[in-house]
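Heads up: the structure comes next, in structure tokens.
The values are calculated or read from the model by the stated rules, or taken from the named source; none is laboratory data. All of these numbers come straight from a predicted model, not from anything done at the bench. Methodologically, a virtual Cβ is constructed for each residue, glycine included, from the backbone with ideal geometry; neighbour enumeration extends over all protein chains shown.
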Amino acid sequence: MDTLTHALSGALAGRLLAPRKGVAGALPPPVWQAVAVGTAAATFPDLDFVLGFVSELTYLRGHRGVTHSLLLMPVWALLVAALMAGLFRLRRGREAAASWRAFYLIACSGIFIHILGDLITQFGTMILAPFSDRRFGWGTTFIIDLGFSGIILAGLLASALWRRSRVPAGLALVVLAGWVGLSASARHDAIEFARAHATANDIDIVSVDAVPRPASPFNWTAVVFDGERYHYAHINTRRSEPLEVTESDNFIRRLSAAYAPLSMAQWTVRPVFGNGDASAIARQVWDEDKFAFYRWFAMFPMLDQVEPAAGGGVCVNFVDLRFETPGRDGVPFRYGLCGGASEGWRIFERVTGGRRWIGE
């Protein structure tokens, strides 16, 4: 989920949990302070962007790692609560400021709602870090969901109008859960559609999945993996007719038009390692120790390009189907290796116009 939506969700949690009684006989903190703590706590996990200053691969391996850990959440919440209480103390004076204890539950909730917001996407979140780098994701929601963000924003605006009531914040969170539930139901429909396609066409099923897409909770890429190839189709689970668009239509409508009704689904088949001579070198690159980071990262990896490199070497890169969004210019996370077994391999990312070399 994008950081702005995380911050807004934390503000909503802060408004809901704003204490009415102080700790140890002290006055309760103002509601705005509870909202500020929730916002800060829900933003905190994405401070792992600093890993990018070490190296790109460090960020790729560490993003949604220790700062997103359920095991470390109590520690991070203590840090956020203490820092925010200290800031409030500087602003209002030592005697008037609330203790960090008054903010601890809110800080825990802010971090927790951030973790939940990432878990519903398909990117993967290491909630058991630092003891495990396994990534968890429910895959119900695209990483930027305007409906999801809009519900949170509406709850905050209603809370601003009815300042003395927690009801708007609580109601918004209930509606938010319903929105995610709607997406989960659509995901189930997409997976069942993919399973039915595989059964009807005698496709061996190793795994069946669905990738959430933008613009609608009903837009999905249904995926069947047969052990060697990915079979996939861009579908809308509720649409009965194709969506007709013109150049004058808005961006959201044009983006959504790529997803066909189930009865009109167009299936694409792509082998993981390509065909012909490309397959052998693709498998070699895939198995290289230097490419271990991408084997860990990719969920639906497929060969993207094979091309000659300077000095008689070769450049091979893969793409992850999760990030091939119809209607989007460019595909991120297209990593590969250039070189050869004798001269060594060098990591690169395929970008528009060529290759970008990656430092380790």
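Being part of a loop (DSSP other than H, G, I, E, B), at pLDDT below 95 and either in contact with a strand residue (DSSP E or B) (Cβ under 8 Å, 6 or more places away or on another chain) or crowded, with 16+ Cβ neighbours inside 10 Å (or both) is a description that applies to Ala98. Cβ-Cβ contacts under 7 Å between residues 6 or more apart (or on different chains), taken from a first residue in the stretch 55-75 that is in a loop (DSSP other than H, G, I, E, B) to a second residue that is polar (S, T, N, Q), are listed as Arg64/Thr125.
Here is the figure for the stretch 117-175: residues that are assigned by TED's automatic domain parsing to the domain that holds His68, out of contact with any strand residue (DSSP E or B) (no Cβ under 6 Å at 6 or more places or on another chain) and in a helix (DSSP H, G or I) total 1. Taking the listed residues Gly155, Gly124, Gly137, the one that is in contact (Cβ under 8 Å) with a residue 40 or more places away in the chain, buried (at least 16 other Cβ atoms within 10 Å of the Cβ), under 30 Å from Val208 (Cβ atoms) and among the small types (Gly, Ala, Ser) is Gly124, with no other qualifying.
Would you check which residues across the stretch 184-207 are polar (S, T, N, Q) and farther than 21 Å from Trp138 by Cβ and list them?
Thr199, Asn201 - these are the residues of the stretch 184-207 that are polar (S, T, N, Q) and farther than 21 Å from Trp138 by Cβ.
Out of the residues in the stretch 22-57 that are hydroxyl-bearing (Ser, Thr, Tyr) and at pLDDT 95 or above, state the one that is nearest to Phe293 (Cα to Cα).
Here the answer is Thr43.
Here is a check on your reading of the model: is Ser183 among the hydroxyl-bearing types (Ser, Thr, Tyr), surrounded by 14 or more Cβ atoms within 10 Å (Cβ to Cβ) and within 26 Å of Ser9 (Cβ to Cβ)? Considered against the rule, which asks whether it is among the hydroxyl-bearing types (Ser, Thr, Tyr), surrounded by 14 or more Cβ atoms within 10 Å (Cβ to Cβ) and within 26 Å of Ser9 (Cβ to Cβ), Ser183 comes out as yes.
Residue pairs whose Cβ atoms lie under 6 Å apart, sitting 6 or more positions apart in sequence or on different chains, and linking a residue in the stretch 309-330 that is at pLDDT below 95 to a partner that is hydroxyl-bearing (Ser, Thr, Tyr), are Gly330/Thr352. Among the residues making up the stretch 25-49, those that are within 18 Å of the chain's Cα centre (by Cα) and farther than 17 Å from Gly14 by Cα are Asp46, Leu47, Asp48, Phe49.
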